[in-house]
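Note sheet for the following structure.
Quick note: the coordinates plus some simple rules give every number you see, no bench work behind them. On a predicted model such as this, the values are computed, not experimentally measured, just so you know. Cβ: placed from backbone, ideal geometry, glycine included. Neighbour counts: every protein chain shown.
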Amino acid sequence: MKCQKCDKQAVFHITELEAGSVRELHLCEDHARAYLNQAEAASGPPDTAEAGAGGAPGTLGVGQTADELAVLDQKACPMCGITFFEFRNQGRLGCPHDYLFFAKELEPLIANVHGATEHTGRRPAWARAAGGEGGAVAAGGVETGGAERGTEELTSVIGLRREMREAIGMEDYEKARENRDAIRAIEERRIPPVRPE
Amino acid sequence: MKLDTLTQSIGEWLRGTGPESDIVMSSRVRLARNLPHYPFVSRASEQDRADIERFLRERIAAAPVGRALEYIDVGRLEEVDRQLLVERQLISREHADAQGARSVAIDQAEQVSLMINEEDHLRIQCMHSGLDLRGVWEQIRAVDEQVEQLVPYAFHPRFGYLTACPTNVGTGIRVSVMLHLPALVITRQIDKVFRSLHKISLAVRGLYGEGSQAMGDFYQISNQTTLGKSEEELVEQVGDVVPVLIDYERRAREFLVRETEQNVHDQVSRAYGILRTAQTISAEETMQLLSRVRMGVLLGLIGDVKIADINSLLVRTQPAHLQKIRGVELDTKDRNIERARYLRQHFESGNATGGASVN
């Protein structure tokens, strides 16, 4: 059975007795925890529930008022278009840019899962070489710039491609052509050639 | 690589060699990698998936390691062939069941496999028989470094390698060992062991990874977290616990022989008897019985079977392998009959010494 709030497997089956009526809930672990926390907060004195807002790191949505959550859920990544609501439902992000765009929302989640928020392992050669601001030229003669810029500039292609497809759909071929050229320029600058000269 | 020839060998994870291979079936590491200029797979359009697949395939082929790899277009395979790759642990069940353009590149030894368009754009896997996490890590690092020369990976200075699921972000590494722990299961100590593993943030999974059931007393132990520790530290985190588990299992096996030899001998002999005489048998029951016989052989309670034979049967009696060997598609009922026949034939021809003698 699927969770009533997302596509995950429901592992908690909760029966609520409210004023004589019976309500059944089937939830995944995350949503069950959120639900139970909410129930707990609601049963406490009102000011405690209020003070809980913004607390409870790691449990998505808990401690946020419904309005705040609704606004957050509508926030959509400018590159891939995924909303935070969609991410919460699927548990999968839409594109690498989401890590920057939803950084504030993802950090508590990441901290909760990993007990850390800083990568200390290996780095791609270009990220090692390009530690400074000035940028460096990697093996294939590709301009790298700062590590972040390397990924970020390429990530912008996702948005440009989406706009290009929309432009084609609206028969705005000039706009589509502009985007196509912009994509090519970025890819040529940032992606090493298959056969290095 | 002709898929049909795969069934003639038994693949890396059941080769049954390498250090501690009486308990450690295989050591495996996988790395999750993504391209920065495409959406993650679950949000990629059909066109995107085809472009990602071509981009990665061309670039992997151009890397030194790529020349020794065989490419398989998973999207075009028949279901039984996809299942065959899953049974050999060369692709994940998710990859087999997914939609759209996807492929896998595999080396001849079946140690290295690169899945394109699984949950992440690229998942590199390396597997060795027995306990050899260091060796696996060295090999996969070399593959990753070669691919990285030609593929711009999505990377963030603070979050590390960016993955579709935040649970893999950072190193993108999953280090795992597949253990055969029948004595800990029989002595009912397995749950206690797993609870203590969870406390040190290690995950326990069944034979075929996430969500799969533990079959035949085979368990995968792997790291739960991927961020905040280096790859070497995570390899060590899993590696450190393995000798402890090996020790527990050995002690449980010794205990069984010392305290309950008759019972254990009876159990493994019955398991062996069923495998040699059954007329219809499911894959699960086969796995369970082979697991018991495997332990019996290792304890010296069954003399006329080789461990390599058991390992080979473990994979060849699985649904896709069985159908490929017989060359026909079979439904579950017919598979169970065919499986029993295959087992009987195997034990008859392999053991002319009369292991099946009537008392």
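Sorting the Cα pairs of the stretch B:241-359 by distance into bins of 10 Å, from 0 upward, gives 13, 41, 30, 14, 2 percent per bin.
Can you tell me the FRET efficiency between B:Ile307 and A:Phe85 if r is taken as the Cβ-Cβ distance and R0 is 45 Å, rounded to the nearest 0.05? Could you put the intermediate results ahead of the total?
Values: r = 53 Å, r/R0 = 1.17.
After rounding to 0.05, the efficiency reads 0.30.
Rg and Dmax of the stretch B:32-181, both derived from C-alpha coordinates alone, stand at 14.7, 45 Å.
Taking only the C-alpha atoms, wrap a convex hull around the stretch A:71-114 and report its volume per residue in Å³ as a whole number. Let's see the in-between values first.
Numbers: hull volume 3.1 nm³, N = 44.
Normalising the Cα hull of the stretch A:71-114 by residue number yields 71 Å³.
Between amide H atoms placed 1.01 Å from N, distances below 5 Å from B:Gly130 occur with B:Gly16, B:Thr17, B:Ser26, B:Ser27, all of them 5 or more places distant or on a separate chain.
Taking a ≥ b ≥ c as the square roots of the Cα gyration tensor eigenvalues, with a/c under 1.5 meaning rounded and otherwise prolate when a/b beats b/c, else oblate, which class fits chain B?
Numbers: a/c = 2.34, a/b = 1.48, b/c = 1.58.
It comes out oblate by the Cα gyration axes.
Based on other C-beta atoms within 10 Å, arrange B:Met178, A:Met1, B:Met127 from fewest to most.
Working: B:Met178 23, A:Met1 9, B:Met127 28.
Ordered from fewest to most neighbouring Cβ atoms within 10 Å, B:Met178, A:Met1, B:Met127 come out as A:Met1, B:Met178, B:Met127.
Helix B:307-316 axis versus longest C-alpha principal axis of chain B: approximately 60°, rounded to the nearest ten.
Sorted fewest first by neighbouring Cβ atoms within 10 angstrom, B:Cys165, A:Cys3 come out as B:Cys165, A:Cys3. Given R₀ = 41 Å, FRET efficiency for B:Lys199-B:Ser9 by Cβ-Cβ distance, to 0.05? E(calc), rounded to 0.05, equals 0.55. With contacts taken as Cα pairs under 8 Å and at least 6 residues apart, chain B reaches a relative contact order of 19 percent.
Note: relative contact order over the stretch B:123-267, using C-alpha pairs below 8 Å and six or more positions apart, is 23 percent. Couplings 3J(HN,Hα) for the stretch B:97-113, derived from phi with the Karplus relation 6.51 cos²θ - 1.76 cosθ + 1.60 (θ = phi - 60°), are 8, 5, 10, x, 5, 7, 8, 9, 10, 10, 8, 4, 6, 6, 9, 10, 9 Hz, where x marks Gly and Pro.
Every Cα-Cα pair of the stretch B:303-345 was included, and the share exceeding 12 Å stands at 59 percent.
FRET efficiency for A:Tyr173 and B:Asp334, Cβ-Cβ distance as r, R0 = 45 Å, nearest 0.05? My answer for the efficiency is 0.20. Helix B:190-199 and the longest principal axis of the Cα set of chain B meet at an angle near 20°. Can you bin the stretch B:1-50 into rounded, prolate or oblate? Criterion: square roots of the alpha carbon gyration tensor eigenvalues sorted a ≥ b ≥ c, rounded for a/c under 1.5, prolate for a/b above b/c, oblate for the rest. Since a/c reaches 1.5 but b/c is at least a/b, the shape of the stretch B:1-50 is classed as oblate. May I ask for the net charge around B:Ser129, where only other residues with Cβ less than 11 Å from the Cβ of B:Ser129 are counted and Lys, Arg are +1 while Asp, Glu are -1? Value of the local net charge: -2.
I want the antiparallel fraction of DSSP beta bridges within chain B, as a percent rounded to 5. The antiparallel fraction comes to roughly 100 percent.
For the stretch B:173-181, 3J(HN,Hα) computed residue by residue from phi via the Karplus equation (6.51, -1.76, 1.60; θ = phi - 60°) reads 9, 10, 9, 9, 10, 9, 10, 9, 10 Hz, glycine and proline entered as x.
Think of the stretch B:43-193 as a dipole: +1 on every Lys or Arg Cβ, -1 on every Asp or Glu Cβ, centred on the Cα centre; then among B:Ile60, B:Met115, B:Val185, B:Val185 lies furthest on the positive end.
Subtracting the Cα-Cα distance of B:Arg270 and B:Arg134 from 0.36 nm times their residue separation leaves 45.1 nm of extension gain. Placing dummy labels 7 Å off each Cα toward the beta-carbon, the span from B:Glu46 to B:Gln279 is 5.0 nm. In the stretch A:71-114, Cα pairs under 8 Å separated by at least six residues give a relative contact order of 28 percent. Footprinting exposure proxy ranking of B:Leu179, B:Leu90, fewest other C-beta atoms within 10 angstrom first, gives B:Leu179, B:Leu90.
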